[in-house]
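**Q** Structure below; questions to follow.
The values are calculated or read from the model by the stated rules, or taken from the named source; none is laboratory data. This structure is a prediction, so every number in the text was calculated from the model and none was measured. Virtual Cβ from ideal backbone geometry, glycine too; neighbours counted across all protein chains shown. For accessibility, only protein heavy atoms count, side chains too; no ligands or nucleic acids. Shrake-Rupley method; radii C 1.70, N 1.55, O 1.52, S 1.80 Å.
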Amino acid sequence: MTANLTVDCSVEGVFEEDLTDYEAHVQTFMAAGFRGQQDQTILLERLQGPVLLVGLGLRAHAVADTVRTAAATAGRALRHLTTARCTLAAKSMPGYAPEEVARAAAEGVTLGAYHFAGYKSSLATRTRWLSALGPKFGDLESEGWAEGVQIGTAVNFTRDLVNTPANILTPTALADHAETLARNAGMGFRRISGAELDSGAFGGIAAVGRGSAEPACLVELTWGDPQQPPDLCLVGKGITYDSGGLSLKSPESQIGMKNDMGGAAAVLGAMMLVPLLAPSLRVKAVLPFAENMPGGRATRPGDVVTMRNGRTVEILNTDFEGRLVLGDALALAAESGPGAIIDLATLTYAATHALGERTAALLGSDQTLIERIERAAGVTGEPVWRLPMPRYLRPQILSQVADLKNFPGATTARTSTAAMFLREFVPASIPWAHLDLAGPAWSEEEYGVASRGATGYGVRLLGQLLRTYARG
Ligand code: BES
Ligand code: MN
Ligand code: ZN
């Protein structure tokens, strides 16, 4: 059981060059091997109370991510405290505005202190982080700090959704969360389910949901004038559990498949940030929610369905369900005539084979949009890497009996063929990009600002993109 501690501890970031500021403690530093290197920590007792020092490395090497990561290290160390105070932000860093440093510090501590309290029958704490209101901490820093806390909170909201087990977070429960978020933020909200879903020609979503006792649905969140086309439309894969359906996964592969709504959850986290980061932008989220199960009414390999845009799809493997729900959602998103569409999905194992667990695959039809995403990812430290969609692979998604098939057959380039399937549902006139998060949405270890389990990958990236998008 974890106790709720009420100790108020301070955190201070230290550059290697500034160790001399702490003359009284040099002996302690030497004994502990503390040299101010990135993410080294040491706890000091001062008259004012305990202080946790976190190394920032050399000032000349410091970037925003240095502060974010160091702050996350402090957040982890102090996550059982009820309150903590952070003065990392007061450090001056070449090339960065003070509010940016404050924002990075606030993001870091908020993300580092995260843990999924979940279902342990013990008390859980959420550390309340105070910013240091020292002489160097002015209005701009306070603004940056407040923004950083809100960004971190949105990421943690996404993590909570992804960490919640699939028996609790059903498609309906996830739609309820989306509705609450929309209502609290003053956004438009629409839920399509039941007969409306069946009669709306969402053949892909219906096909994936029909093997489960939990009904599928599709939700839309709209920020800004609903009469005008959105500037940006965000689509996210929301499979609350992926058993594989009749093309059942092995028991080992089934573990962890509650995370198959990581794309939708990241979009929801980002929507939470729209009023803060891009209030003037019109943004719409289109999220298909379903559970992929092998029940008695389940889709059979060989079935053919009609998708929202009229395309027919032969379903040869029910474990390739992501592209089916996303195809419908992309087609619906396109109907509103958005300036661009970005989809996020835990789509293919192949993305992790190619890029590892920490980098998302980035594919799309529009260079400018792709470059924008790359720049945003660079700022937030959420790595992306481009993969191609070469023409010669297209026959792999063409069916003998329908327009398309969901199963490429070939075991190579599956991240590419998945994206090429999705592309069939977006008119060429709409810039579109796709992020495959099968790797980075989840982690078995802590790294950077990532927690174990759901990482909330993509929320900060989309937030940064929204911010720059709003500026034009
Ligand atoms: N949900 C999975 C992909 C996935 C893998 C997400 C790892 C998160 C972590 C997807 O629906 C899937 O099953 N894809 C497979 C199909 C195959 C193994 C039958 C793929 O990528 O090839
Ligand atoms: Mn699957
Ligand atoms: Zn899946």
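**Q** Limited to the range 157-181, what total is found for residues that are open to solvent by less than 40 Å² (accessible area, probe 1.4 Å) and in contact with a Lys or Arg (Cβ under 9 Å, 6 or more places away or on another chain)? It would help to see each step written out before you state the result.
**A** Going through the range 157-181, the residues open to solvent by less than 40 Å² (accessible area, probe 1.4 Å) turn out to be 158-159, 161-166, 169-171, 173-175, 178, 181.
In the following step, the residues that additionally are in contact with a Lys or Arg (Cβ under 9 Å, 6 or more places away or on another chain) were identified as 162-166, 169, 175, 178.
Adding up the residues that qualify gives 8.
**Q** Let me ask something else about it. Of all residues being touching a Lys or Arg at 6+ places or on another chain (Cβ under 9 Å) and more than 24 Å from Val384 (Cβ to Cβ) in the range 400-416, which is nearest to ligand 3 (Cβ to nearest atom)? Just the residue, please. Show your work before the answer.
**A** Taking the range 400-416 as the starting set, the residues that turn out to be touching a Lys or Arg at 6+ places or on another chain (Cβ under 9 Å) are 402-404, 406, 408.
From what's left, more than 24 Å from Val384 (Cβ to Cβ): 402-404, 406.
Working: Ala402: 21, Asp403: 22, Leu404: 18, Asn406: 12 Å.
Residue satisfying both the conditions and the ranking: Asn406.
**Q** Evaluate the range 232-251: report whether one residue or more is within 16 Å of ligand 1 (Cβ to nearest atom), open to solvent by 50 Å² or more (accessible area, probe 1.4 Å) and assigned to a loop (DSSP other than H, G, I, E, B).
**A** yes
**Q** Further question on the same structure: Of all residues in the range 10-33, count the ones that are surrounded by fewer than 20 Cβ atoms within 10 Å (Cβ to Cβ) and either closer than 16 Å to Leu58 by Cα or not assigned by TED's automatic domain parsing to the domain that holds Ala71 (or both). Break it down stepwise before answering.
**A** Going residue by residue through the range 10-33, those that are surrounded by fewer than 20 Cβ atoms within 10 Å (Cβ to Cβ) are 16-33.
Subset that is either closer than 16 Å to Leu58 by Cα or not assigned by TED's automatic domain parsing to the domain that holds Ala71 (or both): 16-21.
Total meeting the criteria: 6.
**Q** I would also like to ask the following. Among the residues that make up the range 289-298, is at least one of them within 16 Å of ligand 2 (Cβ to nearest atom), open to solvent by 10 Å² or more (accessible area, probe 1.4 Å) and within 30 Å of Pro226 (Cα to Cα)?
**A** yes
**Q** Kindly indicate whether any position in the range 436-459 is open to solvent by less than 10 Å² (accessible area, probe 1.4 Å), more than 20 Å from Val384 (Cα to Cα) and in contact (Cβ under 8 Å) with a residue 12 or more places away in the chain.
**A** Within the range 436-459 (the criterion being open to solvent by less than 10 Å² (accessible area, probe 1.4 Å), more than 20 Å from Val384 (Cα to Cα) and in contact (Cβ under 8 Å) with a residue 12 or more places away in the chain), the answer is no, since none of the residues qualifies.
**Q** So which strands (runs of 3 or more DSSP E) are wholly in the range 340-419 and hold at least 2 residues that are in contact with a Cys (Cβ under 8 Å, 6 or more places away or on another chain) and more than 16 Å from ligand 1 (Cβ to nearest atom)?
**A** On the way: elements: 341-345, 360-364, 384-386.
The qualifying strands (runs of 3 or more DSSP E) are 341-345.
**Q** On the given criteria, is Gly194 at positive phi and without any contact (Cβ under 8 Å) to a residue 60 or more places away in the chain? Give the steps one after another, and end with the answer.
**A** Numbers: at positive phi: yes; without any contact (Cβ under 8 Å) to a residue 60 or more places away in the chain: yes.
Yes.
Conditions tested, residue by residue: (1) polar (S, T, N, Q); (2) touching a residue at least 12 places away in the same chain (Cβ under 8 Å); (3) within 15 Å of Ala104 (Cβ to Cβ); (4) in a helix (DSSP H, G or I).
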position: Ala24; (1), (2), (3), (4): no, no, no, yes
position: Met30; (1), (2), (3), (4): no, no, no, yes
position: Gly36; (1), (2), (3), (4): no, yes, no, no
position: Gly55; (1), (2), (3), (4): no, yes, no, no
position: Ala70; (1), (2), (3), (4): no, yes, yes, yes
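**Q** A further question on this structure: What pairs come out if I take residues in the range 148-176 that are closer than 16 Å to Ala285 by Cβ and among the aromatic types (Phe, Trp, Tyr) and pair them with residues that are open to solvent by less than 40 Å² (accessible area, probe 1.4 Å) and at pLDDT 95 or above whose C-beta lies under 6 Å away, six or more apart or interchain?
**A** Between residues of the range 148-176 that are closer than 16 Å to Ala285 by Cβ and among the aromatic types (Phe, Trp, Tyr) and residues that are open to solvent by less than 40 Å² (accessible area, probe 1.4 Å) and at pLDDT 95 or above, the close pairs are Phe157/Gly269.
**Q** Would you check which residues across the range 395-415 are closer than 22 Å to Ala438 by Cβ, open to solvent by 50 Å² or more (accessible area, probe 1.4 Å) and of a type outside the set (Phe, Trp, Tyr) and list them?
**A** First pass over the range 395-415, keeping only residues closer than 22 Å to Ala438 by Cβ: 396-397, 404-415.
From the residues that got through so far, the ones that are open to solvent by 50 Å² or more (accessible area, probe 1.4 Å) too are 407, 411-412, 414.
Scanning the range 395-415 gives Thr411, Thr412, Arg414.
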